[in-house]
């Protein structure tokens, strides 16, 4: 019974502590970013949760609930996040292009590998089939040669007739 209570209470305690930490951190950056209004872009962006707007020369907390900062907060071409020399619009376009290139490269490699694998295996199968056919024809030739030699030996010693032991079989 004690073990069951521990299994339930430990995750509940961790959840409560985690939520408390998140709420405590969500209030702290908001005040930290707004305190840096009137400073420089570099000073504002030292904190990763801050966004610098060149148009208003203000440091604001990045709106994490919306993926992109709204136009009313700051236009994308005037917003800076992470790097002062690159605007948010350029950053998004660059990341989208790089992501697209990676996805296309992945599918090209996947297509080529599957195509080459199938090509290689069919080529290998054809080669093995040719080798098997060649081996079978050589075996058939050897059998016929051995039969001819055995027939010649039987004729030589007069054993060309029916096998005398066949009636016992």
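Side notes on the structure shown:
- Residue list for the range 83-100, restricted to those being loosely packed, with under 11 Cβ neighbours inside 10 Å and over 14 Å from the mean Cα position of the chain (by Cα): 85, 95, 96, 97, 98, 100
- Just one of the listed residues (93, 153, 103) is outside the structural domain of residue 44 (by TED's automatic domain parsing), at pLDDT 85 or above, within 30 Å of residue 46 (Cα to Cα) and part of a helix (DSSP H, G or I), namely 93.
The values are calculated or read from the model by the stated rules, or taken from the named source; none is laboratory data. These figures come from a predicted structure and were not determined experimentally. No Cβ is skipped: glycine too gets one built from the backbone with ideal geometry, and neighbour counts run over all protein chains shown.
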